[in-house]
1. If you check residue 52 against the conditions, is it surrounded by 14 or more Cβ atoms within 10 Å (Cβ to Cβ) and small (Gly, Ala, Ser)?
2. Do you know which residues across segment 149-182 are surrounded by fewer than 15 Cβ atoms within 10 Å (Cβ to Cβ), of a type outside the set (Val, Ile, Thr) and over 20 Å from the mean Cα position of the chain (by Cα)?
3. Being in contact with a Pro (Cβ under 7 Å, 6 or more places away or on another chain), at pLDDT 95 or above, basic (Lys, Arg) and assigned to a strand (DSSP E or B), is that true of even one residue in segment 182-194?
4. In the list 8, 12, which residue meets the criterion of being on the phi > 0 side of the Ramachandran plot, buried (at least 20 other Cβ atoms within 10 Å of the Cβ) and either touching a residue at least 12 places away in the same chain (Cβ under 8 Å) or in contact with a Cys (Cβ under 8 Å, 6 or more places away or on another chain) (or both)?
5. What residue, among those in segment 68-85 that are over 17 Å from residue 120 (Cα atoms) and aliphatic (A, V, I, L, M), is least open to solvent (accessible area, probe 1.4 Å)?
6. For residue 209, indicate whether it is open to solvent by less than 60 Å² (accessible area, probe 1.4 Å) and over 29 Å from residue 44 (Cα atoms).
7. The conditions are (1) free of Cβ contacts under 8 Å to residues at least 40 places away in the same chain; (2) of a type in the set (A, V, I, L, M, F, W, C); (3) surrounded by 18 or more Cβ atoms within 10 Å (Cβ to Cβ), and residue 94 fails exactly one of them. Which is it?
Amino acid sequence: MRELILIGIGTGNPGHLTDQGREALRTAELILVPRKGPDKADLADLRLAICAKAAPGVPVAEFDLPVRDASLPDYKRGVHEWHDAIAQAWAQAAGAAGRVALLIWGDPSLYDSSLRIAARLAPAPKIRVVPGITAIQALCAAHAIPLNEVGAPVLITTGRNLREGGWPEGVDRLAVMLDGDCAFRGLPPEGIRIWWGAYLGMAEEIVEAGPLAEAGPRILQTRAAARARHGWIMDIYLLDRCGGT
């Protein structure tokens, strides 16, 4: 592998793929598509559909994505070992192809480890990144709201950080990603507003918004039902403790 192209594909809507992304796919010698098990077959099928439409003549190689060992007590060590395994899987799936493309959910720069995994490849290929629509952008679009208040900061964090550290000092608006356990449940709801979305940009898109005390229970119920129905869920939310837009 002499070149690896990481192409942001947005949040599930095939229309999120940019012209730059389509052009990059067409120049690839091989496109890698990860499989995450039968419960998440929709994610691989979506990638395959994008490839078939945007780059019909380019070969596609599917591979099984390694699973992180969640039993390890050291979280960072577990992630490090997992990334090593993914890099090996990429190299094996690429075979002798020189220019390889990977379709990355959202954008490779935001809470995605593809760039860190690519740095583990040896010999090191040239890395090219094509930006994509992020989940944060898709959430704000779905609710028709600005990300920030006038001149005010926004902190992007994870559910784990919110659950373990609470609301960070010095900021009134949070964008929370990678939260499989709904960390907002641990916050005193008074004065907090939430904008939540799942399957953003897809036909299955669901959104909820309102004061956390009222919207929180609805989100928990809606989220559980959607996950049971689809077998997986990707969601994100914005929190504001000053009333918000």
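1. On the way: surrounded by 14 or more Cβ atoms within 10 Å (Cβ to Cβ): no; small (Gly, Ala, Ser): yes.
So residue 52 does not fit the description; no.
2. Hits for segment 149-182 are 151, 152, 153, 164, 165, 166, 168, 169, 170.
3. Yes, because at least one residue in segment 182-194 is in contact with a Pro (Cβ under 7 Å, 6 or more places away or on another chain), at pLDDT 95 or above, basic (Lys, Arg) and assigned to a strand (DSSP E or B).
4. Working: 8 fails: on the phi > 0 side of the Ramachandran plot.
Answer to the selection: 12.
5. In the first step, residues of segment 68-85 are kept if they are over 17 Å from residue 120 (Cα atoms); the result is 69-75.
Subsequent filtering for residues that are aliphatic (A, V, I, L, M) retains 70, 72.
Values: 70: 79, 72: 45 Å².
So, considering only residues that are over 17 Å from residue 120 (Cα atoms) and aliphatic (A, V, I, L, M), the one least open to solvent (accessible area, probe 1.4 Å) is 72.
6. On the way: open to solvent by less than 60 Å² (accessible area, probe 1.4 Å): yes; over 29 Å from residue 44 (Cα atoms): yes.
In short, yes.
7. (1) is the only condition that residue 94 fails.
The values are calculated or read from the model by the stated rules, or taken from the named source; none is laboratory data. Fair warning: this is a prediction, and the values are worked out from it, not measured in the lab. When we count neighbours, we look across all protein chains shown, and the Cβ atoms used for this are built from the backbone with ideal geometry, even at glycine. For the accessible areas, the whole protein counts, side chains as well, though only heavy atoms, and no ligand, DNA or RNA atoms are used. Shrake-Rupley method; radii C 1.70, N 1.55, O 1.52, S 1.80 Å.
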